[in-house]
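No value in this document is a laboratory result; all are computed from the given coordinates. What you see is a predicted model, and the numbers here were worked out from it, not measured in a lab. Reconstructed Cβ throughout: ideal geometry from the backbone, glycine too, with neighbour counts over all protein chains shown.
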Amino acid sequence: MIIQDRMRVTGQREIAKNIFEMKLTGKLVGEINSPGQFVHIRVSDSFEPLLRRPISIASIDHQANEMTIIYRAEGRGTQLLSMKKEGDEVDVLGPLGNGFPVGETSPGETAVLIGGGIGVPPLYELSKQLTAKGVTCIHVLGYQTADVSFYEEEFIRLGETYIATVDGTKGSAGFVTDVMEKIGDGFTTYYSCGPMPMLNAVQTAYTGKRGFLSFEQRMGCGIGACFACVCETTDKTDKEYIKVCSDGPVFPAGVVSI
Amino acid sequence: MNRLAVELPGLQLKNPIMPASGCFGFGKEYGNLYDLSMLGAIMIKATTLDKRFGNPTPRVAETASGMLNAIGLQNPGLQGVMENELPWLEQYDVPIIANVAGTETADYVEVAKTISMAPNVKALELNISCPNVKCGGITFGTNPQQAHDLTAAVKEVSEVPVYVKLSPNVTDIKEIAKAVEAGGADGITMINTLVGMRLDQKTGRPVIANITGGLSGPAVKPVAIKMVYEVSQVVQIPIIGMGGVSETADVIDFLSAGASAVAVGTANFVDPFICPKIIEELPSKLDELGVNQISELVGRSHRL
């Protein structure tokens with residue numbers, strides 16, 4: 001169920017250049033049911049900035065009633081969020097959207113998780129849940145540069161991890177697709193989150209494979225009412241369009257027209 | 001006696017608070033969050049004769065205390081609304097105000113005729129002010145004669161009272177208001193969004209794919225208040241006021257300016273529970289003001 005919760009900040013630290021990891025506690029955590037769902041955060045109690053900020057959930061700890069979000073402090077809203085301190089309260093709406101289907105990969109099978117930049121965080125909780133049920137995860141993480149890369153250690157703990165940076169300052173130089181060529185196609189499913197051009201390249205490279213993509217779109221309400229985040233579908237027979245916030249953000253590969 | 005009750009043509013409102021058209025879809029998303037029967041009314045998303053996909057994305061951009069949108073009247077079309085959306089809303093005890101949009105008189109008339117026969121549609125809101133579609137919409141809302149004629153044509157076929165939604169993007173909104181009143185309008189809803197633009201800092205290009213969008217949110221409230229204040233003094237028909245309503249104090253301002261009821265738009269995106277929160281706060285606000293019945297506040301600003 002979607003709830004509005006005043007969550008308490010239990011931790012905030014800069015884990016890479018302008019990339020923040022924030023921990024929040026509150027009853028909303030109990031409502032999260034799949035990796036890849038997101039929350040919609042009001043960064044100020046005033047009307048400036050006005051709209052909420054959609055941020056993906058990187059990790060869930062049901063026992064501690066705590067969730068971790070990772071975001072880039074880029075605009076005014078996320079900069080304000082990055083100034084919140086331990087003990088501060090934040091107005092959070094969520095959990096929103098439909099996450100990655102963990103059940104699509106069976107124990108003993110292998111999944112490839114491909115993330116780009118600030119699209120990497122939801123793959124962490126996904127990998128935790130997949131590996132916990134006995135799926136072998138291979139991670140391919142792409143960043144612009146070494147100084148904005150994060151969570152390498154955390155992913156390595158869960159499985160084989162490849163890093164690519166555009167400028168070659170960490171891992172191999174180039175894009176995630178360059179790494180994908182090397183790891184071959186001995187896997188059952190793939191899961192990906194990142195910028196649209198990356199999702200398109202991943203989907204094209206893995207044509208014929210079963211995959212799930214998480215999309216990012218400029219959002220208004222986050223719950224499906226405002227029609228800001230619509231995308232056309234490739235096969236218009238069932239639905240002509242989808243709303244990224246409430247129908248997604250995760251869709252089977254091939255459904256959304258990129 | 002319900003202190004918040006308001007009676008308007010076609011509408012017995014439990015309270016004067018209703019979500020504004022385009023900010024509430026057809027209610028389903030908010031129906032998951034709270035009981036829609038709490039609302040005074042619901043202004044559903046604009047319905048056109050044929051279904052519309054709307055404009056390319058990006059469709060929204062944030063601005064100082066506001067936002068621009070250019071959704072472009074995306075909706076499932078008259079048939080979809082009649083067969084799916086309105087029957088779903090019948091489970092709630094709440095009057096529906098159907099926002100009717102079109103590109104020419106004939107399709108406004110056709111949509112109005114059919115949709116006004118739905119059992120839960122108690123009034124129409126004639127959309128002559130959408131700034132985000134190429135034909136129709138705002139072109140009817142900026143010319144008094146055209147606004148008058150369209151109102152008269154829709155009045156002729158509608159089974160329920162007709163409210164006309166005015167655009168602030170005109171030289172003198174009073175002229176349009178008087179024209180639709182003369183055309184037979186039962187009420188006025190105002191204001192629609194103000195046309196605006198935002199540019200990308202790096203590229204200098206417009207952020208919104210449609211280039212321009214409609215500005216809404218707290219930033220537009222002073223403009224809306226001024227226009228409600230003016231129009232309410234030159235027409236006899238009631239006004240449903242809107243434009244940046246985000247908290248209970250804003251409702252009081254719109255009533256004082258001359259509106260009889262108030263619609264909440266963009267604030268639903270900021271806080272999806274804002275309508276029930278305002279409804280809950282209103283009685284204590286009335287106590288604070290020493291007012292028994294909410295309608296006593298209507299037009300306070302005129303009594304100088």
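Listed values, structure above:
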item	result
Some residue of region A:46-68 being in contact with a Pro (Cβ under 6 Å, 6 or more places away or on another chain), farther than 14 Å from A:PRO121 by Cα and either crowded, with 19+ Cβ neighbours inside 10 Å or within 13 Å of another protein chain (Cβ to nearest Cβ) (or both)	yes
Which numbered condition A:ILE163 misses (of (1) of a type in the set (Val, Ile, Thr); (2) within 16 Å of A:GLY36 (Cβ to Cβ); (3) part of a strand (DSSP E or B))	(2)
Checking B:ALA263 against (1) out of contact with any strand residue (DSSP E or B) (no Cβ under 7 Å at 6 or more places or on another chain); (2) surrounded by 16 or more Cβ atoms within 10 Å (Cβ to Cβ), the condition it does not meet	(1)
Any pair with Cβ under 6 angstrom, 6 or more apart, that starts in region A:167-181 at a residue that is farther than 15 Å from A:GLY194 by Cβ and ends at one that is part of a loop (DSSP other than H, G, I, E, B) and among the small types (Gly, Ala, Ser)	A:LYS170/A:SER149
Residue count, region B:9-35 (criterion: more than 16 Å from B:ALA98 (Cα to Cα), surrounded by fewer than 21 Cβ atoms within 10 Å (Cβ to Cβ) and more than 9 Å from chain A (Cβ to nearest Cβ))	4
Scope region B:263-280; condition of a type in the set (Asp, Glu) and away from chain A (no Cβ under 14 Å); matching residues	B:GLU280
Cβ-Cβ under 7 Å pairs, at least 6 apart or on other chains, region B:236-262 side away from every other protein chain (no Cβ under 14 Å) and within 13 Å of B:GLY187 (Cβ to Cβ), far side part of a loop (DSSP other than H, G, I, E, B) and among the charged types (D, E, K, R)	B:ILE237/B:ASP186
Residue in region A:232-252 that is farthest from A:VAL92 (Cα to Cα), counting only those that are under 18 Å from the mean Cα position of the chain (by Cα) and at the interface with another protein chain (Cβ under 10 Å from one of its Cβ atoms)	A:LYS243
Verdict on A:ILE114 being over 15 Å from A:ASP5 (Cα atoms), assigned to a strand (DSSP E or B), among the aliphatic types (A, V, I, L, M) and away from chain B (no Cβ under 14 Å)	yes
Those residues of region A:1-14 which are exposed (fewer than 14 other Cβ atoms within 10 Å of the Cβ) and closer than 16 Å to A:MET83 by Cβ, in sequence order	A:GLY11, A:ARG13, A:GLU14
Pair list, Cβ under 6 Å, 6 or more apart: region A:67-78 residue aliphatic (A, V, I, L, M), other residue in a helix (DSSP H, G or I)	A:MET67/A:VAL29; A:ILE70/A:PRO121; A:ALA73/A:GLN79; A:ALA73/A:SER82
Conditions (1) out of contact with any helix residue (DSSP H, G or I) (no Cβ under 9 Å at 6 or more places or on another chain); (2) basic (Lys, Arg); (3) touching a residue at least 12 places away in the same chain (Cβ under 8 Å): number failed by B:ARG205	(3)
Residue check for B:THR57: out of contact with any helix residue (DSSP H, G or I) (no Cβ under 9 Å at 6 or more places or on another chain), within 14 Å of chain A (Cβ to nearest Cβ) and among the hydroxyl-bearing types (Ser, Thr, Tyr)	yes
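Yes/no per residue for (1) surrounded by fewer than 17 Cβ atoms within 10 Å (Cβ to Cβ); (2) more than 14 Å from the chain's Cα centre (by Cα); (3) of a type in the set (Phe, Trp, Tyr); (4) farther than 15 Å from B:PRO16 by Cβ:
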site	(1), (2), (3), (4)
B:PRO222	yes, yes, no, yes
B:ILE239	no, no, no, no
B:ASP271	no, yes, no, yes
B:PRO276	no, yes, no, no
B:LEU286	no, yes, no, no
B:ARG303	yes, yes, no, yes
